[in-house]
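A short worksheet on the structure shown next.
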Ligand code: UDP
C-alpha cells in the first residue's frame, strides 16, 4: 500500500479505514480466519478476496429489493467503500435448520429443520464470548429500543427469505446466518441499515443434494478444502468470472 490511511478499527477478519469522504469508511477483507473466539487461527489465502466479492454480490441484491445496507462500491480485490454507521452491539442470528450452538444448547440433531425460522440475539463482546441475550437485556441496557428490535426482526426475516431463495436456486441450503446492523444519523433521527458482511464466514451453507458444508464449519471442524468451498459458493452464484486470475486459477 502506498498511501497512509487512518485505521479506525481492526477486527478478526476485517479492517476499517477512514473513507475518502465524511460518512464513509473502507472495509478491508483479510485472509485471517478465526474460530472459537479466536482460540483457533489460520491464514486462508484468498479468503478476503472471495468474501469481498460474495458480500458485495449479496448486499447489492439486497439493496435492489429494498434492504438498505452499508455497501457503496467495490474499490479493489479486498476493499469496499461503505457507509459509516454506529454498530448496534448485537449479533443477529437467523436459523432455519438446527446446527452449531443451537443444536448443542437444545440437544437437537444437527440438520433438524426448525418449526419456523428463529431469530436470536447475542451481545457483541469477545471477552464474554458473545453471550445470548433477550430483548429485556437489549432494551434495559439501551443497546437498541423496542422499535429497533421490531425493525431488525422484520429486516432479518426479509433477508432470510431472499437469501434462502437466492441460495436455493443454486443448490445451496441456507441453514443459518449472522448479521449486524448499524445506525445512520440524519439530524435527530436515526435509521438502521444492514452492515458488516454476508459471506461463507457468517452463514452456514450446505449443498442441497449432499448436505456437504460449504462454509466456515470446514475450518472450525478441520474438514479441509475451506477455500475450495468458498470458491464453489462464488462459482454457483456466478461471480467467479469477476475474480482475479490467481483466485480463478486456484480452482483447478
Ligand atoms: N456466526 C458468526 N459469528 C459469530 C458467531 C456465529 O458469523 O461470532 C454465525 C455462524 O457462522 C453461523 C451462525 O452465526 O452461521 C450461527 O452460529 P452458532 O450460534 O451456531 O455458533 P457457532 O456454532 O458458530 O459457535
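Tell me, in nm to one decimal, what length is gained between residue 208 and residue 36 on full extension, where the rule is 0.36 nm per residue of separation less the Cα-Cα distance?
Between residue 208 and residue 36, full extension yields an extra 59.3 nm.
Tell me the label-point distance for the pair residue 190, residue 134, using the 7 Å Cα-to-Cβ offset, in nm and rounded to one decimal.
2.4 nm
Given only helices, namely DSSP H runs of n ≥ 4 each adding -39500 (n - 2.57), what is the per-residue ellipticity at 222 nm of the chain, to the nearest 500 deg cm²/dmol?
Here the helix-only value at 222 nm equals -9000 deg cm²/dmol.
Highest mean first, how do 177-190, 45-58 rank when packing is the count of other Cβ atoms within 10 Å averaged over residues?
45-58, 177-190
Starting from the Cα of residue 225, step 7 Å along the direction of its Cβ; do the same at residue 60; then give the gap between the two resulting points in nm.
Each label point lies 7 Å from its Cα, and together they span 2.8 nm.
If neighbour count is taken as other Cβ atoms inside 10 Å, put 122, 203, 94 in order from fewest to most.
Placing the least packed residue first, the sequence is 122, 94, 203.
For 134, 24, 34, what ranking results if the residue with the fewest other Cβ atoms within 10 Å of its Cβ goes first?
Going from least to most buried by this count: 134, 24, 34.
Readers should treat all values here as calculations from the given coordinates under stated rules, not as data from a laboratory. Being a predicted model, the structure only gives us computed values, none of them experimental. Neighbour counts are summed over all protein chains in view; Cβ atoms, including those assigned to glycine, are modelled from backbone coordinates with ideal geometry.
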